[in-house]
1. When the stretch 97-114 is examined, which residues are found to be surrounded by 18 or more Cβ atoms within 10 Å (Cβ to Cβ) and among the aliphatic types (A, V, I, L, M)?
2. Checking the condition part of a helix (DSSP H, G or I) and among the charged types (D, E, K, R), which residue from ASP134, ASP119 passes?
3. Looking only at residues in the stretch 298-318 that are of a type outside the set (A, V, I, L, M, F, W, C) and assigned to a loop (DSSP other than H, G, I, E, B), which one is surrounded by the fewest Cβ atoms within 10 Å (Cβ to Cβ)?
4. Six or more apart or on different chains, Cβ atoms under 6 Å: show the pairs whose first residue is in the stretch 326-340 and acidic (Asp, Glu) and whose second is at pLDDT 90 or above.
5. Within the stretch 311-318, is even one residue at pLDDT 90 or above, farther than 30 Å from LYS68 by Cα and not assigned by TED's automatic domain parsing to the domain that holds PHE265?
6. Of the residues in the stretch 319-359, how many are in a loop (DSSP other than H, G, I, E, B), touching a Ser or Thr at 6+ places or on another chain (Cβ under 8 Å) and either buried (at least 17 other Cβ atoms within 10 Å of the Cβ) or acidic (Asp, Glu) (or both)?
7. Mind checking which residues of the stretch 111-123 are within 25 Å of the chain's Cα centre (by Cα) and under 18 Å from LEU228 (Cα atoms)?
8. Taking the criterion of being modelled with pLDDT of 90 or more, among the polar types (S, T, N, Q) and closer than 21 Å to VAL387 by Cα, would at least one residue in the stretch 273-281 satisfy it?
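The values are calculated or read from the model by the stated rules, or taken from the named source; none is laboratory data. No experiment lies behind these values; they were computed from the predicted model shown. Methodologically, a virtual Cβ is constructed for each residue, glycine included, from the backbone with ideal geometry; neighbour enumeration extends over all protein chains shown.
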Amino acid sequence: MDIMDTTESSHAGIDPNRLKLALESECASIWCETLDMDVKGALADQGAQYMVIDLGGGTADISVHERKPDGTLKEIHKASGGPWGGISVDENYVKMLNELFGEKALTDLRNTEMSDYFDVTREFEYKKRSFEPDKTTQIIVRISASLRDLACKYSSISLEERITALKVQEHSITQKGKDKLKIDSVLVQSWFERPIDKLVHHIKSLLAEPNMKSVQTAILVGGFGESLYVHKRMRNELPGVRLIVPPDAGLAVLKGAVRFGHNPFIVSSRLMKYTYGTEVYRMFDEKKYQEETVWMNGNWYVPKCFDVYVRINEEVRVDQQVTMESIPNSEISITPIYRTTQVSPEYTTDPECELIGTITLENSLDIPFEEQDITTTFMFGDTELLVMTKNAFTGKEALMTFECFTE
């Protein structure tokens, strides 16, 4: 969700003034500083640069930080990543269950026997994290009796026949008793390969960038970050990178978030993921513009121009503000807020531009509009972007908050 609605947190019993968003990668970094001195030294030394790889459920989120002389964190590469988390492996496992027991049976199990469904998925989660193909010839997973009963309810085909019908190597899946399946490690490993291949390729491409030459340490966190198979692949294919996996890597973000809440100023600057700005009219210049123009106040103007307040990859302090002034031309001023991945956008109608919100401000009818000033301020605080418009004559303000780092 791009626009933060503080009323939702209020209705949940949370005071918005005491609510602070935190980036997962920064929280993981903060927590790792509390580990043994060897690890702490790799992260806390002045000028230390390192990568944080957060392998949560569905995605891999990767960011790069530098330790500044004052001890605060500076982001040196904007966050990136993709759908390469543990859920990709889970989807392959669930796909197999659908083929063995039927999609209707699995859906019915989830809807009517939730505890049994959780048992099935929870057990695979443990096996997924401990899986080591060099040491394991197969994994054994327990299947609830209720799932077998539901499969019989919806189909007369036996489990043995379904296993035979699967397009897998013979003996890759076999029954073990009435409530277990034995799955060959070669098949299990194939479930990991595609997301990990893409993850490793992305990390290599990041490390190959000129400004990443000093990055020789990577912190691996998140639930999927506890996978022994992931550890092995990364150590084998990223030999020049020191890999740090903190104890309980799946809880590193949560623990770091608690410390961040006590000291949010430990992060001093971040890199923008987008170019942000508003829509304005610019005076027509025949040498520059060939676009449609409109006649206003005795001059020709070009509409729908992108007025940039901050650019993609620009470093911003957590307390930085950018203010621009304008003159209203009606009783209600409407300020649309746009973002784009372009560095220097010309028009808000460009394909890459996205309207993310509109701020409405009431002006005065007591004096001419041209005698009133409106200031539009972009305020960067923590992980949110606050945009405020203000009429200097009336003192009226309107504001909206956007997520600009957590998307």
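1. LEU97, LEU100, ALA105, LEU106, LEU109, listed by residue number.
2. Details: ASP134 fails: part of a helix (DSSP H, G or I).
Unique residue meeting the criteria: ASP119.
3. Kept after step one, since they are of a type outside the set (A, V, I, L, M, F, W, C), are these residues of the stretch 298-318: 298-299, 301, 303-304, 307, 309, 311, 313-315, 317.
Applying the additional criterion that residues be assigned to a loop (DSSP other than H, G, I, E, B) yields 298, 311, 313-314.
On the way: GLY298: 5, ARG311: 17, ASN313: 13, GLU314: 16.
Ranking the candidates gives GLY298 first.
4. GLU331/ASN363
5. no
6. The total comes to 5.
7. Just the residues of the stretch 111-123 that are within 25 Å of the chain's Cα centre (by Cα), to begin with: 121-122.
The answer is ARG122, and nothing else.
8. Yes, the stretch 273-281 contains a residue that is modelled with pLDDT of 90 or more, among the polar types (S, T, N, Q) and closer than 21 Å to VAL387 by Cα.
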